[in-house]
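All of the numbers you see were taken from the coordinates with simple rules; none came from a lab. Note that the structure is a prediction, hence the values are computed from the model and not measured. Reconstructed Cβ throughout: ideal geometry from the backbone, glycine too, with neighbour counts over all protein chains shown.
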Amino acid sequence: MTTGPNRILDDFAKLMTDAAGAAQGLRKEVETAFQAQAERWLNAMDIVKREEFEVVREMAIKARDENEALKARIVALEAKLAEKSA
């Protein structure tokens, strides 16, 4: 068992360690609460997530490519039809 100044320093060190642990726990709690609030706020604003945006973007690119291919096919078919008509 320690006595005198050493015990006071030991108690003070223990108190600081406990305070640091409590502060770290509080910080984690605040971060979690802030993140949850930010997510609710973004959901209320109806903002899409990056992953959803990328999926829709890829779908749009694919649809545009298909439209261009169909357009070229229509032009070719119309040209054939014009040849047969003439």
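A few notes on this one:
- Size of electric dipole in segment 1-78: Cβ of Lys, Arg +1 and of Asp, Glu -1, about Cα centre, debye, nearest 20: 120 debye
- Dipole of the chain, positive direction: furthest Cα of Thr17, Ile74, Met59, with charges on the beta-carbon: Ile74
- Within the shell defined by Cβ-Cβ distances under 14 Å, the residues around Asp65 carry a net charge of +2, with Lys and Arg each +1 and Asp and Glu each -1.
- C-alpha long axis of helix 5-44 to longest principal axis of the chain, angle in °: 20 degrees
- Dividing the helix sum by the residues of the chain, where each DSSP H run of 4 or more adds -39500 (n - 2.57), gives a mean residue ellipticity at 222 nm of -32500 deg cm²/dmol.
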